[in-house]
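First up is the structure itself, then whatever we jot down about it.
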Amino acid sequence: MNIDTARMHPFTLRFADAGLEQAFQDEQARKARKWFRAAALGSAGVILIIWLLLDQLMPQIADVKTRLLIPMLVMLAIMAYGYVRSYTPSFVRIHQGANLSGMFVLAAVIVWMISLLPRSLLDAVIVMVVIHMLNVYGIARLRFPLACYGGWGAAAMYLGYLSYMRMLEGSQLVAHASVLIITNLFGMIAGYLADQSARREFIAVRDQQLAESELRRAHDQVQAQARELADWNRTLEQRVADGVRQIEQMGRLKRFLSPQIADLIVGGTTDDPLKSHRREITVVFLDLRGFTAFIETADPEEVMGVLHEYHGEMGRLIIEHNGTIEHFAGDGIMIFFNDPVAVENPAEQAVRMAIRMQAAFGGLSQGWKKRGYDLHMGIGIAQGYATLGMIGFEGRRDYGAIGPVTNLASRLCGDAKAGQILVAQKVFGFVEDLVTAEPVGELNVKGFHKPVPAFNVTRLK
């Protein structure tokens with residue numbers, strides 16, 4: 001606890017902090033409840049017993065017994081009222097005042113009863129009064145400085161009353177005053193020390209409670225952090241497991257679908273990338289020249305080896321240019337651009353890819369020639385609108401495009417000679433400034449009523 005907060009005034013002993021002082025007063029009031037009730041019940045019993053046995057205990061004042069009835073009833077009413085109020089919250093505020101008032105009333109009654117006794121009993125009664133006042137002072141445990149006010153006030157009232165009644169004069173008054181002053185001084189010192197001890201004990205208990213509370217708070221915080229860490233571990237394990245499953249799922253999808261389609265399916269970045277829709281795309285067809293003759297003479301293992309090299313090199317370039325593989329059909333490959341992932345300038349991307357494919361195929365072709373394989377490649381490119389989506393059945397589905405543009409690209413590929421890249425008029429219009437091309441005239445393409453102008457792209461400018 002803060003030292004300044006727990007600091008006490010050297011005379012009043014009140015804490016510097018108002019909240020701490022109120023807490024101390026509330027604690028003392030709580031402890032005083034049971035003693036206050038016991039004192040009220042005990043005092044009421046003593047008064048009733050004295051009243052009933054007054055004739056035997058003090059026959060000298062038996063004739064004034066009826067005059068004591070009203071004071072006795074008043075005292076009993078006060079005690080009953082205090083007993084009842086001790087069960088209410090207001091007792092916290094009034095218990096000191098009630099004790100102080102009770103002390104004054106009791107002192108006044110005792111002084112009044114002394115005035116009724118013969119002078120021969122006066123000295124013995126004075127000693128009893130002093131002792132009783134000290135007992136009341138100690139039992140009530142009035143907090144300092146109210147204890148001083150109560151003790152000195154009762155002593156002054158007692159001496160003043162006896163002097164007024166001329167029951168003490170001269171040396172007797174001085175002697176009685178000296179006794180009361182000394183006893184009150186001792187009582188004041190005892191009250192001061194008792195109050196100081198009670199306050200220090202209160203501070204020690206409060207510090208212990210605060211330490212225990214802080215310890216419990218720290219313990220609860222550690223427990224909460226441990227639970228939170230355990231939750232994080234569980235969620236982390238779940239996230240890792242989900243990530244592993246997603247990677248495995250991605251790997252399986254990429255074996256059968258293009259990377260773009262697999263990414264969209266796993267990532268869920270679009271509402272439904274596989275739903276049928278219409279979009280303008282650029283379609284590229286690849287086909288090998290001399291492949292039919294090759295498979296007639298080569299072993300199946302040799303054919304699969306050639307296709308593996310061919311698909312691997314072309315597939316790498318397709319992915320680099322953000323193309324979507326529609327399907328592999330032996331030596332034929334269909335690719336389109338601008339779906340499902342939008343591509344800026346799809347015609348340019350397709351032509352650039354085709355030029356690099358022919359260059360890469362040249363390296364493959366030289367290697368195959370050394371093994372006796374005479375293979376070449378033709379490419380056809382067209383652009384137009386198509387309907388795209390999933391094609392197939394529940395057990396096997398592919399992502400495909402349907403429309404005249406796919407037929408046109410396929411026909412151009414079929415008409416392309418070894419090493420040629422034939423593009424339709426629309427594609428050439430998009431890349432005319434980027435490439436060197438030569439017109440090949442109008443081609444009579446199967447499935448189209450009018451001849452189709454075509455251009456052979458040879459290289460980039």
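Below, the figures for the structure above:
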quantity: Potential extension, His277-Ala230 segment - 0.36 nm per residue separation minus Cα distance; calculated: 12.3 nm
quantity: Spacing of the two label points (7 Å from each Cα toward its C-beta) at Thr297 and Arg396, in nm; calculated: 3.2 nm
quantity: Linear extension gain, His308 paired with Lys369, 0.36 nm per residue minus alpha-carbon span; calculated: 20.3 nm
quantity: Restraint check, Lys369/Lys426; Lys370/Lys417; Lys417/Lys461; Lys369/Lys417, Cα-Cα greater than 25 Å; calculated: Lys369/Lys426
quantity: Theoretical gain in end-to-end length, Leu69 to Gln221 [0.36 nm per residue, Cα-Cα removed]; calculated: 48.2 nm
quantity: FRET efficiency, 1/(1 + (r/R0)^6) with R0 60 Å, evaluated for Ala241 and Arg206 via beta carbons; calculated: 0.70
quantity: FRET efficiency, Gln425 to Lys446 (Cβ-Cβ, R0 22 Å, nearest 0.05); calculated: 0.80
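A short reminder: the numbers here are calculations on the coordinates, not readings from a lab. Please read all numbers here as calculations on a predicted model, not as lab measurements. Don't worry about glycine lacking a Cβ; one is built from the backbone with ideal geometry, like all the others, and counts go over all protein chains shown.
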